[in-house]
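Undergrad: One structure coming up, written as structure tokens, with questions to follow.
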Amino acid sequence: MTKVKTTYNRRTFLKTTALAGGGMLLSFSWLAACAPSKQQVAQLPKNWFNLNGYLKIAENGQVTIQSPNPEIGQNVKTSMPMIVAEELDVDWKQVIVEQAPLNTDIFSRQIAGGSQSIRQSWKALRTAGATARQMLREAAAANWKVPVTEITTDKGILFHKNSGKSATYGEMAAAAAAIPVPKEVTLKDVKDFKIIGTSRKNVDGQKIVTGKPLFGLDYQREGMLIAMIVHPPAFGLTLKSIDDSEARKMPGIREVFSINTYPATMTRGAFDVDAFPEMAVIVGNSTWEVMQAKKALKVSWEPIKPYSFEMDGWRGKTTVNVPAGLESSETHSAKMAELAAQPGKVLRKDGDPDTAFKNAATIIERHYTAPFLAHNTMEPMNFFAHVTDEKAELVGPIQTPEFMEKSVAARLGLPLEKVDIQMTRMGGGFGRRLYGHFLVEAAVISQKIKAPVKLIYTREDDMTDGVYRPAYHVTYRAALDANKQLLAIHVRGGGVPDSPVHANRFPAGAIDNYLAEEWSVATNISTGAFRAPGSNFIASAEQSFLDEVAEAMGKDPIDMRLEMLQRAQSKPVGEKNDYDAARYAGVLKLVKEKAAWGSAKPGVHRGVSAYFCHNSYVANVLELHLKDGKPVVDKAYCAIDCGIVVNPDAAANMAEGSVVDAIGHALYSKLTLKEGVPEQTNFHEYRMIRHHEAPKNIEVHFVKSDVDPTGLGEPIYPPVFAALANALYKATGKRFYNQPFFPEY
Amino acid sequence: MAQFKLKINGQWREVDVDPATPLLWVLRDHLQMVGTKFGCGMAQCGACTVHLGKTATRSCVLPVSAVGDSPVTTIEGLSENGDHPLQKAWLEMDVPQCGYCQAGQIMSAAALLKSNPHPSDEEIDAAMMGNICRCGTYTRIKKAIKTAAAK
Ligand code: FES
Ligand code: FES
């Protein structure tokens, strides 16, 4: 049993308030700062009754649990409330789940990103449930005049064994609401979990399969108008002038104008990435009418001049410099190759790699590249906004509501408390909806036209006004001695505009002589996080390279990795290694066993790969055969160590999706540019994986663990690319270095 | 603008719109039926799939003027109580991740099962390859279709 304080060194405070109707409402706040700010304190009494907490209990025993974080398909709307319900000790059938509003007074870190929702809220969610349960027990003890220690609970019922008394949570809810919040509560033992670790269905499942409104694009409001953007056709261009004479005359069109989402003088937040602050906007009565006017609108564009703006980001205030020019993928590739041939910025150096390479009997040097990728969430970017002089009301799909609330307030010149963001279910995120420029655009448009408006991106807007996965190039070198022993590894990598190199990850720590360097290329193309940023590429390069090194050493690729991990575990090199070698080896051993690695199957070609990122460990084996020279992936095995698995079947679903998603991006997808113009504009040009290309069978295995849970949205994705490349090598005798592997297919 | 009488999910509905307006936007904007989704607008992703008669049709490229008397079925009308065998199988397999593509997936699968109650893997692939799922739920979708077909 773990005892936790309900106040974390003054950082936490709890508020209780009785609900009308005798229910009970608990509110928790885990503030990021050590104490609430003056502004927050001033707000408290006013907001007290408007706050929704994590849970409320009705007289009939029904429990409503607020799911604090945005739902993008990672299934937190089911799994986060499961954790609260576990500690509350209710029957899952009694639980109603609601999407919580954005409220940083109550909830901490309302972000969908970094695979951190479960990991960072684990304790908070458990404490929320346990605290309510404790108050219910205290209420029952007082009522029955027995010691609280004698009150037990099960499935939403309080029991006192000696007297034979019992009551439902609903019957005690009103009394419990009057109980002071306990200073300390006891959390369950992992072995006593009844809900966590059992599979529970998606709480929105019924609504999804019957087509109920759930998504931002589905949101409607009386008197709502439709807005669309016309953005520059090329990165490196900006708006010069608009000729709206035709467009204005078209049926259903209300207004045509230009906006500047982020004026140069505005300090942007960390997620205000936007290559096209100035653009044209058309507002009309219906989507189709606005789409037609979009085609008729004549806009002149002009080249941008180099510019800079302030960004208040992760590392404090920085100045971001944007170069001018019309960039092409070809010139990016040439520039990256040039930088790859020069020394980069040294990130880590262990031992004496220079001497090791000088004395090597064999040096293996390989280059790996990958293009920009568009996120292509199936629901295009959109947001509803209704801005009045009094307040800004925003509804829609956003991964970073906390951040965008600040951006909107800054842009509109409204105090923060006058900006309200409601989160809808998202038709996919994958990092794209971290960057909420479309939300600010909607707010600016609504403010200008003084009406409620829904901004909708067409697929073409979505694909060509993207925040792309950077393009990458990385070089791996290995030095082997005359006995084929590994002497040194050197990684040098970079990208447009970011480097994917994580210097302290494996194989750092497992090898005496190691050098990691990076470089970067400035660009005016907007890029950002894409499912497992950086890792999604470096894992494929590293794990493909190790496969080749193992072959040169004459070793089985799993055995070779296990030997390196053994070294990292028993005698690690350096102190900053950011992985647990035993857990890393654990997933490799598990996948080896489950895939019956080593037993050859005729006509089946297999590849293996393992990676650690976003706090979870994953190993994959892929099996494929060739049909007309093209790969068909028959089966995939996933071994995962993410600590405790909250909702196993949903976690398996996430793993299956990651495997499919990775196979698609590895084989087919790319976003290329010519003279600043994205060459793919819709799904006829941008190749996505489809039904017939997905593996028929994906086996997912979890390492049994009592360790606190870590995330799953991202870490399963990166290793798949290399498992595929390594299996392709077995099938074709050819190594695959450049993504996508089958660009023309 | 022109008047159109459309038979949608068994009910006659009237709209006054530009004849070129795709059925998708008539459903979503004019009839407030938002279960049918917008994904690409050019018959490439399947998110907007409805049934025109018995045929799976991409409503994003179907002008309302071309609908005529053909009955239209949308996800909202696939079954009265959300209990079509495919909807039940979808829930049993817990298919959706983000869920956005799933109405279109179900409508494509429903048209397939209507014409071919026991499809092979290859037939499922052929009928479903026009429906993209960015979340990668294809493997589960196939299992759900087979589950429904078995019932
Ligand atoms: S929206 Fe109709 S097929 Fe994509
Ligand atoms: S479930 Fe997200 S696109 Fe299919």
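Undergrad: I'd like to check something: does the stretch A:152-165 contain any residue that is closer than 15 Å to A:Glu59 by Cβ and assigned to a helix (DSSP H, G or I)? I'd like the intermediate steps shown before the answer.
TA: Just the residues of the stretch A:152-165 that are closer than 15 Å to A:Glu59 by Cβ, to begin with: A:156-158.
Right, trim to assigned to a helix (DSSP H, G or I) and you get none.
Within the stretch A:152-165, none of the residues are closer than 15 Å to A:Glu59 by Cβ and assigned to a helix (DSSP H, G or I).
Yes or no, residue by residue, for (1) under 20 Å from A:Asp274 (Cα atoms); (2) crowded, with 24+ Cβ neighbours inside 10 Å; (3) small (Gly, Ala, Ser):
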position	(1), (2), (3)
A:Ser446	yes, yes, yes
A:Arg469	yes, yes, no
A:Arg477	no, no, no
A:Gln485	no, no, no
A:Val501	no, yes, no
A:Asn504	no, no, no
A:Gly509	no, yes, yes
A:Asp512	no, no, no
A:Ala516	no, yes, yes
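Undergrad: Go through the stretch A:257-277 and give me each residue that's closer than 24 Å to A:Asp243 by Cα and among the aromatic types (Phe, Trp, Tyr).
TA: Hits for the stretch A:257-277 are A:Phe257, A:Tyr262, A:Phe276.
Undergrad: Having 1 or more residues that are of a type in the set (A, V, I, L, M), in contact with a helix residue (DSSP H, G or I) (Cβ under 9 Å, 6 or more places away or on another chain) and crowded, with 18+ Cβ neighbours inside 10 Å is the bar; report the strands (runs of 3 or more DSSP E) wholly within the stretch A:222-301 that clear it.
TA: Numbers: elements: A:225-230, A:237-243, A:253-260, A:278-284.
Counting at least 1 such residues, we get A:225-230, A:253-260, A:278-284.
Undergrad: May I pose another question? Which one is farthest from the chain's Cα centre (by Cα), of the residues in the stretch B:1-18 that are within 11 Å of chain A (Cβ to nearest Cβ) and in a loop (DSSP other than H, G, I, E, B)?
TA: So the residue we want is B:Met1.
Undergrad: Just name the residue that is nearest to B:Ala43 (Cα to Cα) out of those in the stretch B:60-70 that are more than 9 Å from ligand 1 (Cβ to nearest atom) and within 12 Å of chain A (Cβ to nearest Cβ).
TA: The extreme case among them is B:Pro63.
Undergrad: Let me ask something additional. Scan B:Val50, B:Val64, B:Val72 and give me the residue that is in contact (Cβ under 8 Å) with a residue 40 or more places away in the chain, farther than 24 Å from A:Met381 by Cα and out of contact with any Asp or Glu (no Cβ under 9 Å at 6 or more places or on another chain). Walk me through how you get there before you give the answer.
TA: Details: B:Val50 fails: farther than 24 Å from A:Met381 by Cα; B:Val64 fails: out of contact with any Asp or Glu (no Cβ under 9 Å at 6 or more places or on another chain).
Checking each option against the conditions leaves just B:Val72.
Undergrad: Going by what's in this entry, would A:Asp641 be described as away from every other protein chain (no Cβ under 12 Å), surrounded by fewer than 20 Cβ atoms within 10 Å (Cβ to Cβ) and either within 26 Å of B:Cys98 (Cα to Cα) or among the β-branched types (Val, Ile, Thr) (or both)?
TA: Details: away from every other protein chain (no Cβ under 12 Å): yes; surrounded by fewer than 20 Cβ atoms within 10 Å (Cβ to Cβ): no; either within 26 Å of B:Cys98 (Cα to Cα) or among the β-branched types (Val, Ile, Thr) (or both): yes.
In short, no.
Undergrad: How many residues, within the stretch B:93-137, are in a helix (DSSP H, G or I) and farther than 16 Å from A:Ile208 by Cβ? Walk me through how you get there before you give the answer.
TA: We begin by selecting, within the stretch B:93-137, every residue in a helix (DSSP H, G or I); these are B:102-115, B:121-128.
Still in the list and also farther than 16 Å from A:Ile208 by Cβ: B:111-115, B:121-128.
Number satisfying all stated conditions: 13.
Undergrad: What pairs can you find where one residue is in the stretch B:88-99 and of a type in the set (A, V, I, L, M), the other is within 11 Å of ligand 2 (Cβ to nearest atom), and their Cβ atoms are less than 6 Å apart, with a gap of 6+ or different chains?
TA: Matching pairs, first to second residue: B:Met93/B:Arg140; B:Val95/B:Thr137; B:Val95/B:Arg140; B:Val95/B:Ile141.
Undergrad: Could I ask something else about it? Can you give me the number of residues within the stretch A:406-435 that are closer than 17 Å to A:Gln110 by Cα and within 14 Å of chain B (Cβ to nearest Cβ)?
TA: Of the residues in the stretch A:406-435, 10 are closer than 17 Å to A:Gln110 by Cα and within 14 Å of chain B (Cβ to nearest Cβ).
To keep it simple, each residue is scored yes or no on (1) away from ligand 1 (no atom under 16 Å from the Cβ); (2) at pLDDT 95 or above; (3) crowded, with 23+ Cβ neighbours inside 10 Å.
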{"site": "B:Val26", "(1), (2), (3)": "no, yes, yes"}
{"site": "B:His30", "(1), (2), (3)": "yes, yes, no"}
{"site": "B:Cys45", "(1), (2), (3)": "no, yes, yes"}
{"site": "B:Arg58", "(1), (2), (3)": "no, yes, yes"}
{"site": "B:Trp90", "(1), (2), (3)": "yes, yes, yes"}
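Undergrad: If you don't mind, another one. Considering the stretch A:302-345 alone, what residues qualify as being in a strand (DSSP E or B) and free of Cβ contacts under 8 Å to residues at least 12 places away in the same chain? Walk me through it before giving the result.
TA: Looking only at the stretch A:302-345, we keep the residues that are in a strand (DSSP E or B), and these are A:302-303, A:307-313, A:316-322, A:345.
Across the stretch A:302-345, the qualifying residues are A:Gly316, A:Thr318, A:Thr319.
Undergrad: What are the residues in the stretch A:377-392 that are within 16 Å of ligand 2 (Cβ to nearest atom) and among the hydrophobic types (A, V, I, L, M, F, W, C), if any? Step through it out loud before you land on a result.
TA: Applying the first criterion (within 16 Å of ligand 2 (Cβ to nearest atom)) to the stretch A:377-392 yields A:377-382.
Residues satisfying the conditions are A:Met378, A:Met381.
Undergrad: Of the numbered conditions (1) part of a loop (DSSP other than H, G, I, E, B); (2) of a type in the set (Ser, Thr, Tyr); (3) within 25 Å of A:Phe193 (Cα to Cα), A:Ser79 fails exactly one; give the number of that condition.
TA: Here A:Ser79 clears every test but (1).
Undergrad: For the stretch B:94-120: of the residues being of a type outside the set (A, V, I, L, M, F, W, C) and at the interface with chain A (Cβ under 7 Å from one of its Cβ atoms), which is farthest from ligand 2 (Cβ to nearest atom)?
TA: Restricting attention to the stretch B:94-120, the residues satisfying the condition of being of a type outside the set (A, V, I, L, M, F, W, C) are B:94, B:96-97, B:99-100, B:102, B:104-105, B:108, B:114-120.
Then drop every residue that is not at the interface with chain A (Cβ under 7 Å from one of its Cβ atoms), which leaves B:94, B:96-97, B:99-100, B:102.
Values: B:Asp94: 11, B:Pro96: 5, B:Gln97: 4, B:Gly99: 5, B:Tyr100: 5, B:Gln102: 6 Å.
Going through the qualifying residues, I end up with B:Asp94.
Undergrad: Sort out for me the strands (runs of 3 or more DSSP E) sitting completely within the stretch A:595-702 that have 2 or more residues that are at pLDDT 95 or above and more than 24 Å from the chain's Cα centre (by Cα). Talk me through it step by step, then tell me what you get.
TA: Working: elements: A:605-613, A:616-627, A:630-641, A:697-702.
Output list reads A:605-613, A:616-627, A:630-641.
Undergrad: Okay, moving on. So A:Tyr686 clears everything in (1) surrounded by fewer than 20 Cβ atoms within 10 Å (Cβ to Cβ); (2) at the interface with another protein chain (Cβ under 10 Å from one of its Cβ atoms); (3) over 30 Å from A:Tyr617 (Cβ atoms) except one condition, right? Which one?
TA: Answer for A:Tyr686: the failing condition is (1).
Undergrad: Regarding B:Cys40, is this residue more than 9 Å from chain A (Cβ to nearest Cβ), within 15 Å of ligand 2 (Cβ to nearest atom) and either in contact (Cβ under 8 Å) with a residue 12 or more places away in the chain or over 14 Å from the mean Cα position of the chain (by Cα) (or both)? Steps first, answer last, please.
TA: On the way: more than 9 Å from chain A (Cβ to nearest Cβ): no; within 15 Å of ligand 2 (Cβ to nearest atom): yes; either in contact (Cβ under 8 Å) with a residue 12 or more places away in the chain or over 14 Å from the mean Cα position of the chain (by Cα) (or both): yes.
The answer is no for B:Cys40.
Undergrad: If I ask for residues that are assigned to a loop (DSSP other than H, G, I, E, B) and either within 10 Å of chain A (Cβ to nearest Cβ) or more than 24 Å from B:Ala2 (Cβ to Cβ) (or both), which ones from the stretch B:43-59 would you list? Steps first, answer last, please.
TA: Just the residues of the stretch B:43-59 that are assigned to a loop (DSSP other than H, G, I, E, B), to begin with: B:43-48, B:53-54.
B:Ala43, B:Gln44, B:Cys45, B:Gly46, B:Ala47, B:Lys54 - these are the residues of the stretch B:43-59 that are assigned to a loop (DSSP other than H, G, I, E, B) and either within 10 Å of chain A (Cβ to nearest Cβ) or more than 24 Å from B:Ala2 (Cβ to Cβ) (or both).
Undergrad: Look at B:Lys146 and say whether it is without any contact (Cβ under 8 Å) to a residue 40 or more places away in the chain, part of a helix (DSSP H, G or I) and within 16 Å of ligand 2 (Cβ to nearest atom). Let's see the steps before the verdict.
TA: On the way: without any contact (Cβ under 8 Å) to a residue 40 or more places away in the chain: yes; part of a helix (DSSP H, G or I): yes; within 16 Å of ligand 2 (Cβ to nearest atom): no.
Criteria not met by B:Lys146.
Undergrad: Considering only residues that are touching a Leu at 6+ places or on another chain (Cβ under 9 Å), small (Gly, Ala, Ser) and away from ligand 1 (no atom under 16 Å from the Cβ), which ones fall in the stretch B:127-147?
TA: Matches in the stretch B:127-147: B:Ala144 only.
Undergrad: Given (1) within 11 Å of chain A (Cβ to nearest Cβ); (2) within 17 Å of B:Ile8 (Cα to Cα); (3) out of contact with any helix residue (DSSP H, G or I) (no Cβ under 6 Å at 6 or more places or on another chain), identify the lone condition not met by B:Gly35.
TA: The number of the failed condition is (3).
Undergrad: From the list B:Trp90, B:Trp25, exactly one residue is of a type outside the set (Ser, Thr, Tyr), under 22 Å from B:Ala150 (Cβ atoms) and facing another protein chain (nearest Cβ under 8 Å). Which is it? If you could, list the steps in order and put the result at the bottom.
TA: Details: B:Trp25 fails: under 22 Å from B:Ala150 (Cβ atoms).
None of the other options fit; the residue is B:Trp90.
Undergrad: Taking the options B:Val26, B:Val95, B:Val64, name whichever one is closer than 21 Å to B:Ala126 by Cβ and over 14 Å from the mean Cα position of the chain (by Cα). Break it down stepwise before answering.
TA: Working: B:Val26 fails: closer than 21 Å to B:Ala126 by Cβ; B:Val64 fails: closer than 21 Å to B:Ala126 by Cβ.
B:Val95 is the lone residue from the list that is closer than 21 Å to B:Ala126 by Cβ and over 14 Å from the mean Cα position of the chain (by Cα).
Undergrad: Restricting to the stretch A:423-444, name every residue that is surrounded by fewer than 24 Cβ atoms within 10 Å (Cβ to Cβ) and farther than 26 Å from A:Glu714 by Cα.
TA: Scanning the stretch A:423-444 gives a single hit, A:Val444.
Undergrad: May I ask you to verify whether A:Tyr668 is more than 30 Å from A:Gly205 (Cα to Cα), among the hydroxyl-bearing types (Ser, Thr, Tyr) and within 14 Å of chain B (Cβ to nearest Cβ)?
TA: Working: more than 30 Å from A:Gly205 (Cα to Cα): yes; among the hydroxyl-bearing types (Ser, Thr, Tyr): yes; within 14 Å of chain B (Cβ to nearest Cβ): yes.
It is true that A:Tyr668 is more than 30 Å from A:Gly205 (Cα to Cα), among the hydroxyl-bearing types (Ser, Thr, Tyr) and within 14 Å of chain B (Cβ to nearest Cβ).
The values are calculated or read from the model by the stated rules, or taken from the named source; none is laboratory data. On a predicted model such as this, the values are computed, not experimentally measured, just so you know. Positions of Cβ are backbone-derived with ideal geometry, glycine not excepted, and every protein chain shown enters the neighbour counts.
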